[in-house]
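Notes follow the structure.
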Amino acid sequence: MTDQDSTTGLRGRLVTAGVELVTREGVHALTLREIARQAGVSHGAPRRYFATHVELLAAIARRGFDDLAASLGLAGPAADPDPVGAGGPAAARAALGRLARGYLDFAAAQPGMFELMFRHDVLEGSGSDLRRTTLPLFEVIARLVAEARPDTAGRTGGPGPYAAAPPGVPDPAGVPDPVTAAAAFWANLHGLAQLRAWGTLRLVTGTDTLEPLLRAALDAHLGPEPR
């Protein structure tokens, strides 16, 4: 084994140890000392492979994004290179619903990792390009929103592959552009995941069932589903 192989292997062990910790105990457990103990190395070892604690946390979060993308069918050999496709608004709406359910399932199964992945206030300054982990998922959501909304379907010639109008600028009918609508839908989706995790959803609705709320969110951001 070369020195480079050894370094890569030890870096991987530290990241895997962090993934196991955050999965089992949550974000609060991700101290350098605890990650090192979990990996079976000295407490100073992480500093030899990651310049800062935040850099190690970002590497752990990237593993989470990889797992989420794989679970949503957005990564790997089986990934659809064009998840929107040519099926029209109904097909795009169905695809967005499947993606949303997969996102919520991941949040419920991996609450610690889910929290870490979107804590950009914690991960900022890691030296990693966080846009490369977060934006691809948002771009898929935005494209699906653009394709699923009857008011914007087929009008995706604006800036970027999924915008019917410049971000933040409504069309003449006052309808938010797809990027704004997608951001609002994602915030809605993330809120559902967090409220369920914190027990607040059960308090106000009497149940943890998300399906009626997800349908309401889709209707709110895409318009009612055609009957």
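Here, each number is a calculation from the coordinates, and none is a lab measurement. Small disclaimer: the values here were computed from a predicted structure and weren't measured. Using ideal geometry, Cβ is built from the backbone for each residue, glycine included, and neighbour counts are taken over all protein chains shown.
Worth pointing out:
- From phi via Karplus (6.51, -1.76, 1.60), per-residue ³J(HN,Hα) for segment 131-145 in Hz, x at Gly/Pro: 4, 6, 9, 8, 5, x, 5, 5, 5, 5, 4, 5, 5, 5, 4
- Under the simplified labelling scheme, the Ala108-Ala184 pair shows an inter-label distance of 2.7 nm, with each label point 7 Å from Cα along Cα→Cβ.
- Two-site label geometry, His53 and Thr31: point separation in nm, points 7 Å out along Cα→Cβ: 0.9 nm
- Computed from backbone phi with θ = phi - 60° and the Karplus coefficients 6.51, -1.76 and 1.60, the 3J(HN,Hα) list for segment 28-43 is 4, 7, 7, 7, 4, 4, 6, 5, 4, 4, 4, 7, x, 10, 5, 5 Hz; x is used for glycine and proline.
- Taking amide H atoms as placed 1.01 Å from N in the peptide plane, the amide H of Leu210 has no partner under 5 Å among residues 5 or more positions away or on other chains.
- Per-residue Karplus couplings for segment 92-102, computed as 6.51 cos²θ - 1.76 cosθ + 1.60 with θ equal to phi - 60°, are listed in order as 5, 5, 4, 5, 5, x, 5, 4, 4, 5, x Hz, Gly and Pro entered as x.
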